[in-house]
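S.K.: Handing you this structure, nothing more for now.
The values are calculated or read from the model by the stated rules, or taken from the named source; none is laboratory data. Predicted model, so just to flag it, every value in this text is computed and none were measured. Positions of Cβ are generated from backbone atoms using ideal geometry, with glycine treated the same way; all protein chains shown enter the neighbour counts. To get the accessible areas, we keep the full protein, side chains included, count just its heavy atoms, and leave off ligands, DNA and RNA. Shrake-Rupley method; radii C 1.70, N 1.55, O 1.52, S 1.80 Å.
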Amino acid sequence: IGGAATAIGELAKLRYLERLATRLPDATLARHAAFLRWSLPGAIGLKVILTNATLVLGSFAAAAAHAPSSALSRMTCFFGVAELAALLLLLVYLHLQYQLMRAFCRQAQWARATWATGSGNQGGAANVTAEPSGE
């Protein structure tokens with residue numbers, strides 16, 4: 001149940017990030033968020049299913065008191081591939097969040113510059129801050 005809740009939560013979060021990216025507007029970030037919206041929760045769901053299947057097969061193998069079957073070995077390999085896919089998608093997700101942070105900082109600088117010139121500040125955009133370091 002916890003894995004399903006995680007997958008649904010990530011789906012909702014990525015849908016929200018996709019909507020934010022379209023409001024920037026940044027079509028590339030919106031496409032990346034749309035891709036991750038389905039692939040990351042799918043990988044999490046697959047991982048949960050394979051984990052449960054491996055546990056069930058392992059319990060049957062232990063109950064039969066013999067060496068693990070080839071089905072259990074194959075299931076463990078599939079589980080490893082699903083884990084690797086989820087890890088790679090999480091790295092893409094972190095990169096998306098970093099790119100969104102940079103885009104929001106650019107928009108905030110633009111807004112500050114616009115507001116500063118509109119409020120009678122003749123010196124230009126003195127309130128504009130630098131982009132956050134960490135690149």
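S.K.: Could you tell me which residue of segment 1-23 is nearest to residue 86 (Cα to Cα), considering only residues that are over 12 Å from the mean Cα position of the chain (by Cα) and among the charged types (D, E, K, R)?
M.R.: Only one residue fits best here, namely 19.
S.K.: Between 49, 8, 44, which is modelled with pLDDT of 80 or more and in contact with a Pro (Cβ under 8 Å, 6 or more places away or on another chain)?
M.R.: None of the other options fit; the residue is 8.
S.K.: Would you mind telling me which numbered condition in (1) modelled with pLDDT under 85; (2) under 23 Å from the mean Cα position of the chain (by Cα) residue 127 fails?
M.R.: (2)
Here is a yes/no grid of residues against (1) among the polar types (S, T, N, Q); (2) more than 12 Å from the chain's Cα centre (by Cα); (3) open to solvent by 40 Å² or more (accessible area, probe 1.4 Å); (4) more than 16 Å from residue 98 (Cβ to Cβ):
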| position | (1), (2), (3), (4) |
| --- | --- |
| 25 | no, yes, yes, yes |
| 28 | yes, yes, yes, no |
| 34 | no, no, no, yes |
| 53 | no, yes, no, yes |
